[in-house]
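Worksheet for the structure shown next.
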Amino acid sequence: MTYCPKCGNLAREEYNFCKFCGAPLNRNTVVQSSIQSSTQPVTLTSDDEMKNVITKRFECIKNKDENGISSILDQSSYSKFDDWPPYGLQIYADALKNEFGAYKVLTNYNYEIKNFKTEELGTVAISTFYIHYTAEMRRQTFDVYSRVTTILQKQDSEWKIVHEHYSRFPEERKRNFLGI
């Protein structure tokens, strides 16, 4: 275990980002847990809370953590439009079946989130961001740039993902992600 250099919370060493604040973690920026942190507890903003849930989502994909993903989705109303087939609306059971099935052939998954924004509307929040992810499936490499909208709902003081909508950038528009 290590401490996040930004918020001071404990972070697992295998994670690339802090699950509390989303700060990047690497061996050059984390403080080993054997050293006591003098950082005072940090109150997270709503934006930080949403980013933590969404970052956890992608870390769970990277680590093929089915229980972790299940814990952040609203089982009663979760739905998804994916940037992978099937492109139609998927509800909780079908979405997880498709996603967990892909884990069997998924390797080398990495991601980057950019332009993260959240609008909190009481117990509902809408987060938008760009994601660039790479992976291999059945010896084929994928390099995907997508726009994502995620709707979250606060339940018992925790944010749960209610809906996700992924939309790939058209090939000629990938430069938008890179800021060109």
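The values are calculated or read from the model by the stated rules, or taken from the named source; none is laboratory data. Keep in mind the model is a prediction, meaning the values are calculated, not measured. Neighbour counts are summed over all protein chains in view; Cβ atoms, including those assigned to glycine, are modelled from backbone coordinates with ideal geometry.
Applying a threshold of 7 Å to beta carbon distances and a minimum spacing of six or more residues, or different chains, the list of pairs starting in region 158-180 at a residue that is under 15 Å from THR55 (Cα atoms) and at pLDDT 85 or above and ending at one that is hydroxyl-bearing (Ser, Thr, Tyr) and part of a loop (DSSP other than H, G, I, E, B) reads ILE161/TYR78. Within region 46-72, residues that are within 12 Å of ASN110 (Cα to Cα) reach partners that are of a type in the set (Val, Ile, Thr) with beta carbons closer than 6 Å, at six or more positions or on different chains, in the pairs CYS60/ILE69.
Quick check on region 120-135. Is at least one of its residues assigned by TED's automatic domain parsing to the domain that holds PHE81, surrounded by fewer than 17 Cβ atoms within 10 Å (Cβ to Cβ) and of a type in the set (Asp, Glu)? Checking region 120-135: not a single residue is assigned by TED's automatic domain parsing to the domain that holds PHE81, surrounded by fewer than 17 Cβ atoms within 10 Å (Cβ to Cβ) and of a type in the set (Asp, Glu). Of the candidates GLU66, GLU59, GLU14, the single residue that is exposed (fewer than 15 other Cβ atoms within 10 Å of the Cβ), modelled with pLDDT of 70 or more and in the same structural domain as MET137 (by TED's automatic domain parsing) is GLU66.
The set of residues in region 85-121 being free of Cβ contacts under 8 Å to residues at least 12 places away in the same chain and either part of a loop (DSSP other than H, G, I, E, B) or acidic (Asp, Glu) (or both) consists of PRO85, TYR87, GLY88, LEU89, ASP94, LYS104, GLU119.
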